[in-house]
1. Rounded to the nearest percent, how much of the accessible area of region 116-207 (1.4 Å probe, protein heavy atoms only) is carbon and sulfur?
2. Using R₀ = 45 Å, calculate the FRET efficiency as 1/(1 + (r/R₀)^6) where r is the Cβ-Cβ separation of Lys195 and Arg161; round to 0.05.
3. Which value does Rg/Rh take for region 80-190 over its C-alpha atoms, Rh per Kirkwood?
4. Can you list residues from other chains, or at least 5 along the same chain, whose modelled amide H is less than 5 Å from the amide H of Arg76?
5. Could you give the length gained on full extension between Ser328 and Glu238, defined as 0.36 nm per residue of separation minus the Cα-Cα distance, in nm?
6. Of Lys188/Lys303; Lys195/Lys228; Lys228/Lys302, which pairs sit farther than 31 Å apart, going by alpha carbon to alpha carbon?
7. Return the FRET efficiency for the residue pair Ala229, Asp262: r is the Cβ-Cβ distance, R0 is 41 Å, and the value is rounded to the nearest 0.05.
8. For region 161-203, report the accessible area per residue in Å² (1.4 Å probe, heavy atoms, rounded to an integer).
Amino acid sequence: MSLRNLLVAVSISTSFFATSHTFADVDPADKQAQQVDPKTDKAAENPDPILPITEETPVILDDTSVYEGPITNPIRDILADTAGSYGTFQADVSNYNRIFKSQDDILKASTELGTHNAEELASGWLAYSALLASQSSQFADEVRKADAYFGRDEFIQIMNRDVTYTMRLDGSDDALNKALNVSKADSKRLTRIGKSLAIQSGNTLQAFGWAKARLRGNRTTYVRDLEKAAIDGRPVFEDIQTLFDIGSVNNAIQKADTLGSDTSLWDNLLSTDGTTTTDTEFKLPTFDGSGFTTFSPFARRKKKYDFLNGRITTLAAMRILNETDEVSPELTRALTDKDVPGGLSMTSCLKMSQLQYFACVEGNQFVYERAFCIGEHAVTDVGRCIDKFSN
């Protein structure tokens, strides 16, 4: 079942936060000037309601005016659904965090690690990052203040018109740190595992006769089959669905937040019998509580990546407001960066990595050579993309 057809029931617990900080303010007079003239169907003046923050004229809200979300909980979370693609890639990597055992083993790894849909993987990473960012209580407080001030519909449209708007709210740096510190740990994990797979193409595999054999079949035909499979992408694992399911998603992202930039959540998933998931199929994880470390926040993120960071904070804000329980144009727009010009997007980076992987595979002649392509391009290059946009 592809991610597009995935339906997962998710319950979100609404937290109540302090309201002592200000947000990216708009003067009430300027807000009033934004009313649409019914005769022209256009704003009377000041077409952009998003004005610079000024300390001289802050908007002070009474605590009782802060919107705290609907009484009923949503039945699903689109972000949790979408994050399943990213989780499935990490699970696939976990399954091959070991020595290759046979020609068929390498063929299976080549197919599974090389056919993740780049757009779905990029959206999955965005969704996972937004889940983490939504855990910032400081950011959540400011999002609710802005929501109370503008009103829900207008606030959603402001975020839709300017994907970087939420980065001007107090607490946005904290929210991004929660997301991108975790990405740093995930990147280091992928680089470590990818390098260990690639290096097997040297003496490790060449010591075996089966690995020095010529590859079977037509390599060009095989690559065309990989390209077709990558259009649909990998199905989301059942255990990953459960990880992001109703009773697990908040626990999982809280653990990832606790681990921070030093240790990846995906290295701390254990099978039900307490063994690590290196040689066995990926199992429903439990957390043993050990090895958790506290991270130190990184410096201010690079401004040239605001188009991506803004999507993370926008999606996090929508989740805080319980606006991720069903598909909407605003949510769909923020969940992809494939249309960002200049080839700077996560989607573009992942697509280029996959093209390099296909070219590498097509050039292989011997079985052991394919281990290099798998490790270097199907795994390590993905880690490089994540690392690039986590700064």
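1. Details: 1120 of 2470 Å².
Its accessible area is 45 percent carbon and sulfur atoms.
2. For R0 = 45 Å, the calculated efficiency reads 0.55.
3. When Rh is taken as the Kirkwood radius, the ratio is 1.14.
4. Long-range HN contacts for Arg76: Val10.
5. Length gained between Ser328 and Glu238: 29.9 nm.
6. Long pairs (Cα-Cα over 31 Å): Lys228/Lys302.
7. Plugging the Cβ-Cβ distance into 1/(1 + (r/R0)^6) gives 0.75.
8. Working: 1380 Å² over 43 residues.
Result: 32 Å² per residue.
The values are calculated or read from the model by the stated rules, or taken from the named source; none is laboratory data. Quick caveat: nothing in here was measured; it's all calculated off a predicted structure. Glycine gets a Cβ as well: all are built from the backbone with ideal geometry, and neighbour counts include every protein chain shown. Surface areas here come from the heavy atoms of the whole protein model, side chains and all, with no ligands, DNA or RNA. Shrake-Rupley method; radii C 1.70, N 1.55, O 1.52, S 1.80 Å.
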